[in-house]
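Peer 1: Input: one structure, supplied below.
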Amino acid sequence: QVQLVESGGGLVQPGGSLKLSCVASQEIFSYILGWFRQAPGKEREFVAAITWDGNEIYSEDSMKGRFSISRDKANFTVYLQMNSLKPEDTADYFCVARIGKATRYRADYPYWGQGTRVTVSS
């Protein structure tokens, strides 16, 4: 059973940056790791995913150029670097994992972290 623990959320001003981290509880070789987010009153949406070897990255088009995903294999950690943050980026951000190919569908990911809240406000 994979456990995922996110950190790094908080309050940031518009235009600022945050880096979220997600540590997995065990070796997750061959797993896809990713991030979803859920804004207040909205559906949970795909943000980005990465293969464990880092060779393939998938990102939601609307966030490309501002958000980037990366991983540290040695420390079982995946990151989400978020730049030029906007108030509409305010959401709970969830780390996810699955075996197989990356997808943008929440139902395809059996493993979820508890979420970390990002608030973008002046």
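Peer 1: Taking 0.36 nm per residue of separation and subtracting the Cα-Cα distance, what length does fully extending Ile99 through Gln114 add?
Peer 2: Details: separation 15, 0.36 × 15 = 5.40 nm, distance 1.93 nm.
This chain segment gains 3.5 nm when fully extended.
Peer 1: Further question on the same structure: Most fluctuating residue of Arg44, Arg104, Arg66 in a GNM of the chain with Cα springs under 10 Å: which is it?
Peer 2: Arg66
Peer 1: Still on this model: Go ahead and collect, in residue order, the members of the stretch 104-122 whose backbone nitrogen is under 17 Å from a label point 7 Å along the Cα-Cβ direction of Glu88.
Peer 2: Backbone N within reach: 119-122.
Peer 1: If you don't mind, another one. Over the chain, with every protein chain in place, what whole percent of the accessible area is carbon and sulfur at 1.4 Å, could you tell me?
Peer 2: Numbers: 2980 of 6380 Å².
Carbon and sulfur together cover 47 percent of it.
Peer 1: For Glu43 and Ala107 in the same chain, what is the full-extension length gain: residue separation times 0.36 nm, less their Cα-Cα distance, in nm? Walk me through the numbers on the way to the answer.
Peer 2: On the way: separation 64, 0.36 × 64 = 23.04 nm, distance 1.27 nm.
Full-extension gain reported as 21.8 nm.
Peer 1: Full extension from Ala74 to Gln1: what is 0.36 nm times the residue separation minus their Cα-Cα distance, to one decimal in nm? Before the final figure, lay out each step's value.
Peer 2: Details: separation 73, 0.36 × 73 = 26.28 nm, distance 1.92 nm.
Length gained, Ala74 through Gln1: 24.4 nm.
Peer 1: Sum up the charges of everything whose Cβ sits under 13 Å from the Cβ of Asn83, counting Lys and Arg as +1 and Asp and Glu as -1, but leave Asn83 out.
Peer 2: +3
Peer 1: To make sure I understand the rule: partners must be aspartates and glutamates, Cα under 13 Å from the Cα of Lys73, and not fewer than 8 residues away in the same chain. Which ones qualify?
Peer 2: In chain and number order, the partners are Glu27, Asp53.
Peer 1: What's the FRET efficiency of Gln13 with Ser62 using the Cβ-Cβ distance as r and R₀ = 25 Å, to the nearest 0.05? Intermediate results must be reported in sequence, preceding the final value.
Peer 2: On the way: r = 21 Å, r/R0 = 0.83.
Approximately 0.75, to the nearest 0.05.
Peer 1: Now a separate question. Among the lysines, which have Cα under 16 Å from the Cα of Lys19 when same-chain residues fewer than 8 positions away are ignored?
Peer 2: The qualifying lysines are Lys64, Lys86.
Peer 1: Per residue, how large is the accessible surface of the chain? Use a 1.4 angstrom probe and give square angstrom. Please report the intermediate quantities before stating the final value.
Peer 2: Working: 6380 Å² over 122 residues.
Here the residues of the chain average 52 Å² of exposed surface.
The values are calculated or read from the model by the stated rules, or taken from the named source; none is laboratory data. Please read these numbers as outputs of a predicted model, since none were measured by experiment. Note: ideal-geometry Cβ built from the backbone for every residue, glycine included; neighbour counts use all protein chains shown. Quick note on the areas: whole protein, heavy atoms, side chains included, nothing else; ligands and nucleic acids left out. Shrake-Rupley method; radii C 1.70, N 1.55, O 1.52, S 1.80 Å.
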